[in-house]
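Supplied in structure tokens, the structure appears directly below.
Coordinate-derived values only; no laboratory data. This one's a predicted model, so the numbers in the text were calculated from it and none came from an experiment. Ideal geometry is used to build each Cβ from the backbone, glycine not excepted, and the neighbour counts take in all protein chains shown.
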Amino acid sequence: MLNRGILIVLEGIDRSGKTTQSKCLVDYLSGKGLKTHLRRVPDRSEPLTGPAIDKFLQTATSVEQNKNTLHLLFSANRWAIIDEIKKFLDDGIVVICDRYVYSGISYSLAKGLERKWVISPDVGLPKPDIVLFFDIKPESARTRDGYGDEVFEKKSFQDIVYKEMKNLMLKNKDICKIINANRPVDEISKDIQNIVSEKLDSPNIKPLIYLTESDLL
């Protein structure tokens, strides 16, 4: 068993393929005999913050609605689930998050909120061991099934989200791996398996560390 589980985060704009690949990764790791926990973030089932987030995502008509409040609510959702995630990691379970702080920050920056204010609520959350960034241009993502179902899936908005998120990834090259997401599912899966296996095969997985302001600026 691992001395602790590793925290793997999948990031990317809407319809970049994260959810499909997160499930593929769970199947792959389970096949290797590893225990896994998959968590979608935000977690709409989290009892304190999830219902409000779900209602907003289902009914909002503009990304400008309550944008400061929404940013704090999404961050609170991450804090609300983090003790459970840390317990899984302590028990040697690999935790896979479909989105994390990087999405929250990028989406709020795309709304025009001030950077230092945006990153402040997430300082102190666990730093991922690996971030897999699904790099696909917004114009390609827009051709995929289901695009446009939620308020954030608008062309001009997703263009800014992509720019902000990729900049964050490039600032965190120590943990971020950029995945060309405009390829067949099996090719992407193979790349991810190689990256994750290399990390799992490392002789020493260091103790969990926590995000600082400099990680997110």
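FRET efficiency for T19 and R115, Cβ-Cβ distance as r, R0 = 45 Å, nearest 0.05?
The formula returns an efficiency of 0.95 here.
Within region 59-103, which residues have the backbone N less than 11 Å from the label spot 7 Å out from I160 along Cα→beta-carbon, could you tell me?
Backbone N within reach: 63-64.
Here is a follow-up. Quick check on my link table: of K87/K111; K67/K127; K116/K163; K86/K199; K32/K137; K137/K190, which ones sit more than 23 Å apart, alpha carbon to alpha carbon?
Pairs exceeding the cut-off: K87/K111; K67/K127; K32/K137.
Between I178 and Q193, what is the label-point separation in nm under the 7 Å Cα-to-beta-carbon projection?
About 2.5 nm, to one decimal.
Another question, if that's okay. Pop out the ³J(HN,Hα) list for region 163-178 in order, Karplus 6.51 cos²θ - 1.76 cosθ + 1.60 with θ = phi - 60°, rounded to Hz; leave Gly and Pro as x.
After applying 6.51 cos²θ - 1.76 cosθ + 1.60, I find 4, 5, 5, 5, 4, 4, 5, 5, 7, 10, 5, 5, 10, 8, 10, 8 Hz.
Same structure again: If one takes the longest principal axis of the Cα atoms in the chain, at what angle in degrees, from 0 to 90 and to the nearest 10, does the Cα axis of helix 101-110 lie?
For 101-110 against the chain, the angle is about 20 degrees.
Which angle between 0 and 90 degrees, to the nearest 10, do you get for helix 67-90 versus the longest principal axis of the chain when only C-alpha atoms count?
Computed tilt is about 10 degrees.
Whole angstrom only: what separates the Cα centroid of region 95-116 from the Cα centroid of region 38-56?
The distance from the Cα centre of region 95-116 to that of region 38-56 comes to 15 Å.
Express as a percent, rounded to the nearest 5, the fraction of DSSP beta bridges in the chain (both residues included) that run antiparallel.
Counting only bridges with both partners in the chain, antiparallel ones make up about 5 percent.
Helix 50-59 versus the longest principal axis of the chain: what is the Cα-based angle in degrees, 0 to 90, to the nearest 10?
50
Something else about it: For region 180-188, just list the computed ³J(HN,Hα) in residue order, Karplus coefficients 6.51, -1.76 and 1.60, θ = phi - 60°, integers in Hz, with x standing in for Gly and Pro.
5, 8, 9, 9, x, 4, 5, 5, 5
What spacing in nm lies between the two simple spin-label points modelled at I205 and R40, each 7 Å away from Cα in the Cβ direction?
Result: 2.5 nm between the two label points.
Per residue of the chain, what 222 nm ellipticity follows from adding -39500 (n - 2.57) for every DSSP H run with n ≥ 4, rounded to the nearest 500?
Mean residue ellipticity at 222 nm (helix-derived): -14500 deg cm²/dmol.
Net charge near D43, counting Lys/Arg +1 and Asp/Glu -1 over other residues with Cβ under 12 Å of its Cβ?
Working: positive: R39, R40, R44, R78, R99; negative: E46, D54, E84, D98.
Overall, the nearby charge balance is +1.
Please state the shape class of region 1-69: rounded when a/c is under 1.5, otherwise prolate if a/b exceeds b/c and oblate if not, all from the C-alpha gyration tensor.
Details: a/c = 2.94, a/b = 2.09, b/c = 1.41.
In terms of gyration-tensor shape, prolate.
Can you compute 3J(HN,Hα) from phi for each residue in region 28-37, using the Karplus curve 6.51 cos²θ - 1.76 cosθ + 1.60 with θ = phi - 60°, rounded to whole Hz and x for Gly and Pro?
These are the phi-based 3J(HN,Hα) values: 5, 5, 4, x, 8, x, 9, 7, 10, 9 Hz.
Summing Lys, Arg as +1 and Asp, Glu as -1, what charge do residues with Cβ under 12 Å from the Cβ of L113 carry, L113 excluded?
Charge balance near L113 sits at +1.
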